[in-house]
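Derivation of every value follows stated rules applied to the coordinates shown; laboratory data play no part. Just so we're clear, the structure is a prediction, and the values are computed from it rather than from any experiment. Counting neighbours? That spans all protein chains shown, and the Cβs are built from the backbone with ideal geometry, glycine included.
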Amino acid sequence: MRTLVRWDPFSEFRGLRRAMDRGLFESYGPTAWLNGERTFAFPVDLSETDGQVVVKAALPGIQPEGVDISVSDGVLTIKGETKSEEKSDTENYHRREIRYGAFSRAIALPSEVDDAKAEAEFQDGVLTVTLPKAEEVRPKQIKVKAAAGKSNGSKSS
């Protein structure tokens with residue numbers, strides 16, 4: 001008995017597309033789009049605890065004053081720009097991989113945060129943004145009390 005399988009003419013292209021995407025990613029690194037232009041998308045770590053959301057972004061070679069951070073509608077946006085060094089006519093580059101220009105990344109936050117209490121710290125090329133969760137989304141601890149005058153369920157003989 002044979003099984004009839006519907007032919008998808010585009011299925012062969014999916015593998016090719018994945019290979020091309022992988023090749024482009026390895027050649028150019030992660031990218032994003034800012035105002036219709038391709039920009040460098042820096043790596044981030046996003047974690048959360050009961051009380052806060054923490055975002056760490058690797059921004060080597062960036063000065064803290066060159067970074068803009070904003071939070072709007074549950075999205076943290078980190079952006080800035082690095083200036084290219086002036087090329088000299090006497091230098092003959094064999095490889096030029098350091099990126100210059102605009103960079104931007106918008107990260108959807110997993111919880112509502114109190115952006116008025118957000119803090120940002122820059123150390124050794126790593127930006128750490130700590131965003132306390134909004135009070136309404138923090139877990140509430142409820143204490144269990146024994147009712148007065150009631151037995152605790154154990155029988156004594």
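Numbers for the structure displayed
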quantity	calculated
Arg138 paired with Glu48, simple spin-label distance in nm, labels 7 Å along Cα-to-beta-carbon	1.5 nm
Which listed pairs, of Lys83/Lys133; Lys117/Lys145; Lys56/Lys83, have C-alpha distances above 32 Å, in listed order	Lys83/Lys133; Lys117/Lys145
Amide H contacts of Gln52 (H built 1.01 Å from N, under 5 Å, at least 5 apart or other chain)	Lys133
Extension reserve of the Arg2-Glu85 stretch, reckoned as 0.36 nm per residue once the Cα distance is removed	23.3 nm
